[in-house]
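Participant: There's a structure below that I have some questions on.
The values are calculated or read from the model by the stated rules, or taken from the named source; none is laboratory data. As the structure is a computational prediction, the values presented were derived from the model and not from experiment. Cβ atoms come from the backbone with ideal geometry, glycine included; neighbour counts cover every protein chain shown.
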Amino acid sequence: MSSTQAAFANFYTADNFAGFVIAIVVSWAFNWPIAYLLRNRLRRTIPADTSEAEKQMELERLLKAVEMPLAGSIGRLERVIYITAIMMQLPTVINGWITLKAFSAWLEKDEIRDYKLAHYYHYIFGTGLSLLLGIVAGNLGLTLAQWHIGSVIVQFSKSITCFSF
């Protein structure tokens, strides 16, 4: 059996699945704080001598340029990829995803070239935060799996069903 097959076989246990689900829930709970940090970083790229109305318009243009709603969805997806890769002990999946993101940056649209630097830093900052959170959550999932959290949940659910009417 290859190491990849062993990783897949070990992944499908109640303990690993429970750790995986908890890790994803924990990582997705950080979506709003990450979006807040990214918005503040973009806000700081606007010159200080700009009026509030102009700052708000410029911020909206920047958010549209960096496709903020899409970035949140991609962040959630990439954290699932990172958590899965860590829990299955397949770090090459992370390398592949990062490489895919690097190549996709070359396919940038013409209308956002004016915001290229802000977009690039936003992109790198978001990817870094997502990678860091994915690694932490993946290790949390592994730790929970080692604690046999899935077995505890199964036993707890069985004890609850004994008391049902």
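Participant: Would you please list the contacts, defined by Cβ atoms under 7 Å and residues six or more apart or on different chains, that run from a residue in segment 43-64 that is farther than 12 Å from HIS122 by Cα to a residue that is among the charged types (D, E, K, R) and outside any loop (DSSP other than H, G, I, E, B)?
Facilitator: Listed by first residue and then by second, the contacts come to ILE46/LYS55; ILE46/GLU58; THR50/GLU58; LEU59/ARG43.
Participant: If you don't mind, there's one more thing I want to ask. Could you tell me whether segment 112-120 includes any residue that is modelled with pLDDT under 80 and touching a Ser or Thr at 6+ places or on another chain (Cβ under 6 Å)?
Facilitator: Just the residues of segment 112-120 that are modelled with pLDDT under 80, to begin with: 112-120.
Those left that are additionally touching a Ser or Thr at 6+ places or on another chain (Cβ under 6 Å): 118.
Yes, there is a match, as at least one residue in segment 112-120 is modelled with pLDDT under 80 and touching a Ser or Thr at 6+ places or on another chain (Cβ under 6 Å).
Participant: Give me a count of the residues in segment 1-21 that are modelled with pLDDT of 80 or more and of a type in the set (Gly, Ala, Ser).
Facilitator: 2
Participant: Take the residues in segment 42-60 that are surrounded by fewer than 14 Cβ atoms within 10 Å (Cβ to Cβ) and in a helix (DSSP H, G or I); name whichever of them is nearest to the chain's Cα centre (by Cα).
Facilitator: Taking segment 42-60 and keeping what is surrounded by fewer than 14 Cβ atoms within 10 Å (Cβ to Cβ), we get 44, 47-54, 56-57, 60.
Remaining after also requiring in a helix (DSSP H, G or I): 52-54, 56-57, 60.
Details: GLU52: 32, ALA53: 32, GLU54: 32, GLN56: 27, MET57: 28, GLU60: 23 Å.
By that ranking, first place goes to GLU60.
Participant: Taking the conditions exactly as written (at pLDDT 85 or above and in a helix (DSSP H, G or I)), does ALA85 satisfy them or not?
Facilitator: Judged against the criteria, ALA85 is a match.
Participant: Which count do you get for residues in segment 22-41 that are within 19 Å of ALA71 (Cα to Cα), among the β-branched types (Val, Ile, Thr), at pLDDT 85 or above and surrounded by 13 or more Cβ atoms within 10 Å (Cβ to Cβ)? It would help to see each step written out before you state the result.
Facilitator: Taking segment 22-41 and keeping what is within 19 Å of ALA71 (Cα to Cα), we get 24-41.
Then keep just the ones that are among the β-branched types (Val, Ile, Thr); that gives 24-26, 34.
Restricting the remaining residues to those that are at pLDDT 85 or above gives 24-26.
Remaining after also requiring surrounded by 13 or more Cβ atoms within 10 Å (Cβ to Cβ): 24, 26.
Total meeting the criteria: 2.
Participant: Right, another one. Output the residue which, of all residues in segment 121-165 that are outside any helix (DSSP H, G or I) and at pLDDT below 80, is surrounded by the fewest Cβ atoms within 10 Å (Cβ to Cβ).
Facilitator: Here is the first cut: in segment 121-165, the ones outside any helix (DSSP H, G or I) are 147-148, 163-165.
The next check asks that each one be at pLDDT below 80; those that pass are 163-165.
On the way: PHE163: 6, SER164: 5, PHE165: 2.
Top of the filtered list is PHE165.
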